[in-house]
Amino acid sequence: MSNHPLTGEVSNSKLAAVFDTAAAAREAAEGLVQALALHPTQVKVVTPDEPDAAIKLEPEGGGIWRTIVVAHIRMGLFGAAAGAIAFAIMMWAALPFVVQSPVAAALVTIAFGGVGGLMLGGLIAMRPDHDRYVDAARSAIDAHRTTVLVHARSKDEQQRARELLTARGGAVTGTL
């Protein structure tokens, strides 16, 4: 399961390192597995003629669905709680429109907070930080270059992999 409270993916941190040759990419991938003690399933090599590049880029289809559900539920509840706090502050401040109609004000404030939370959950579920990572790998395929994909399980693991791949000459792009 995820180490991040808003996602359902095991690997929230991903890297794409583009190499000019397949041999250099494979050598970097093997070195990465050995140097960082990564599980071999965390490191993939995508060649220009790869038939299942999309699956290697985002292998956690179930995790993505868990991310969608978890992010929406947690952020929706957070937003509703924020709305309830905002209502309590307005009641404490004795705002006339809130004091005169507390039930309607509470329902509206909590509902707006919940909707705002759901919208934030949608933003998290879209994973906009993955666009650069996926684009880098697809551009490499189009340019007939080979990419090493790393599905790190922590930010520290991602940073160490980034340093190693950069030192081996890869053009590295990652997620947040």
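Considering segment 66-76, and only residues there that are open to solvent by less than 30 Å² (accessible area, probe 1.4 Å) and under 16 Å from the mean Cα position of the chain (by Cα), the residue that is nearest to Ile110 (Cα to Cα) turns out to be Met75.
The residues of segment 115-144 that are among the hydrophobic types (A, V, I, L, M, F, W, C) and at pLDDT 85 or above, listed by number, are Val115, Leu118, Met119, Leu120, Leu123, Ala143.
Scanning segment 77-89 turns up no residue that is in contact (Cβ under 8 Å) with a residue 60 or more places away in the chain and either open to solvent by less than 20 Å² (accessible area, probe 1.4 Å) or in contact with an Asp or Glu (Cβ under 8 Å, 6 or more places away or on another chain) (or both). Ala106: free of Cβ contacts under 8 Å to residues at least 24 places away in the same chain, open to solvent by less than 30 Å² (accessible area, probe 1.4 Å) and not acidic (Asp, Glu), yes or no? Criteria met by Ala106. So which residues in segment 23-64 are out of contact with any Lys or Arg (no Cβ under 7 Å at 6 or more places or on another chain), of a type in the set (A, V, I, L, M, F, W, C), modelled with pLDDT of 80 or more and open to solvent by less than 30 Å² (accessible area, probe 1.4 Å)? Within segment 23-64, Ala25, Ala29, Leu32, Leu38, Val43 meet the criteria. Can you find a residue that is modelled with pLDDT of 80 or more, surrounded by fewer than 19 Cβ atoms within 10 Å (Cβ to Cβ) and in a helix (DSSP H, G or I) anywhere in segment 12-20? There is no residue in segment 12-20 that is modelled with pLDDT of 80 or more, surrounded by fewer than 19 Cβ atoms within 10 Å (Cβ to Cβ) and in a helix (DSSP H, G or I).
One residue alone among Arg132, Arg162 is over 12 Å from Phe19 (Cβ atoms), of a type in the set (D, E, K, R) and either open to solvent by 80 Å² or more (accessible area, probe 1.4 Å) or under 16 Å from the mean Cα position of the chain (by Cα) (or both), and that residue is Arg132.
Does Ala111 meet the test of being farther than 20 Å from Asp20 by Cβ and open to solvent by 30 Å² or more (accessible area, probe 1.4 Å)? Yes. Applying a threshold of 6 Å to beta carbon distances and a minimum spacing of six or more residues, or different chains, the list of pairs starting in segment 49-70 at a residue that is closer than 19 Å to Ala16 by Cα and of a type outside the set (A, V, I, L, M) and ending at one that is crowded, with 17+ Cβ neighbours inside 10 Å and modelled with pLDDT of 70 or more reads Lys56/Lys44; Lys56/Val46; Lys56/Leu149. So, of the residues in segment 34-52 that are of a type outside the set (D, E, K, R) and in a strand (DSSP E or B), which turns out to be nearest to Ser139 (Cα to Cα)? The extreme case among them is Val46.
The values are calculated or read from the model by the stated rules, or taken from the named source; none is laboratory data. Note that the coordinates shown come from a computational prediction; the quantities given were computed from them, not determined experimentally. Every residue, glycine among them, receives a Cβ derived from its backbone with ideal geometry; neighbour counts consider all protein chains shown. Keep in mind that these areas ignore ligands, DNA and RNA; they rest on the heavy atoms of the full protein, side chains included. Shrake-Rupley method; radii C 1.70, N 1.55, O 1.52, S 1.80 Å.
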